[in-house]
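What follows is a short report on a single structure.
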Ligand code: PGA
């Protein structure tokens, strides 16, 4: 498997942080630091910040994403935003299946799949998250679990549509905790995800798939994580809110 065939993508996941004014300031801080990046650079921001982020990133190498989307086009779904609405304002990316959505908002593999479908139908690139809880890792079922999450989420997705999918392995116990497993272990799970794509599609599709790692990736550990053969980028929470740290991770992906 040749890592050089794949595009590394570093995506910030801002979660429920930053007002529009703060979002503009953060993007202005990031812009000059990542302007020469070889890898893809994306900021996924709260819905309320999307308009400002799209404006502030115009003409730059920074893509803009949302943190979720609903599967219906429109209708009686109080508090939701549809994939159609996101694409209508020019959003290019959307995170789907983040563990915080699964844990706190009742997201299931089935609803993740529906959201993936809607996002693809609207031309969005999906950052699709899978990952295990600590109990599941301790039970030794991580590989089975992430394979199953990947399979259900990709149900009904064609090989051609895979070009619009980025898979993100995010062990739940590593998110926002400062804890990471040794990078070889993170790589092992990213490799499981890749071989699941091979099983579902074929070797070429698996080889071309960008598989990110996410969970406490920071300026210090990014080099080691991104050096792993099956890790093609990162989904960055906390460190994406600090321009210098985020830029350091982008630099690590460019090496
Ligand atoms: P973290 O979050 O980098 O703060 O651990 C990652 C994520 O939830 O995507």
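Each value in this text was obtained by applying a stated rule to the coordinates, not by laboratory testing. Not measured: the values here are computed from a predicted model. So basically every Cβ, Gly included, is an ideal-geometry build from the backbone, and we count neighbours across all protein chains shown.
Numerical summary
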{"quantity": "At 1.306 mPa s and 10 °C, Stokes D of the chain from Kirkwood alpha-carbon radius, µm² per second", "calculated": "89"}
{"quantity": "Relative contact order [Cα under 8 Å, 6+ residues apart], the chain, whole percent", "calculated": "23"}
{"quantity": "Cα centroid of the stretch 221-255 to Cα centroid of the stretch 71-88, whole Å", "calculated": "32"}
{"quantity": "Chain lengthening between residue 163 and residue 47 when straightened (0.36 nm per residue, less Cα-Cα)", "calculated": "39.3 nm"}
{"quantity": "Globularity ratio of the stretch 118-255, using Cα Rg and 2.2 N^0.38 Å", "calculated": "1.02"}
{"quantity": "Cα pair distances exceeding 14 angstrom across the stretch 203-255, given as percent", "calculated": "48"}
{"quantity": "For the stretch 148-255: relative contact order, % (alpha-carbon pairs under 8 angstrom, 6 or more apart)", "calculated": "28"}
{"quantity": "Simple label model, 7 Å out from Cα along Cβ direction - residue 36 to residue 204, nm", "calculated": "3.6"}
{"quantity": "Helical contribution to [θ] at 222 nm, DSSP H n ≥ 4, -39,500 (n - 2.57), averaged over the chain, rounded to 500", "calculated": "-12000 deg cm²/dmol"}
{"quantity": "Computed E for residue 184/residue 60 - FRET, C-beta separation, R0 35 angstrom, nearest 0.05", "calculated": "0.50"}
{"quantity": "Spin-label model distance (nm) - residue 109 vs residue 80, 7 Å beyond Cα toward Cβ", "calculated": "2.1"}
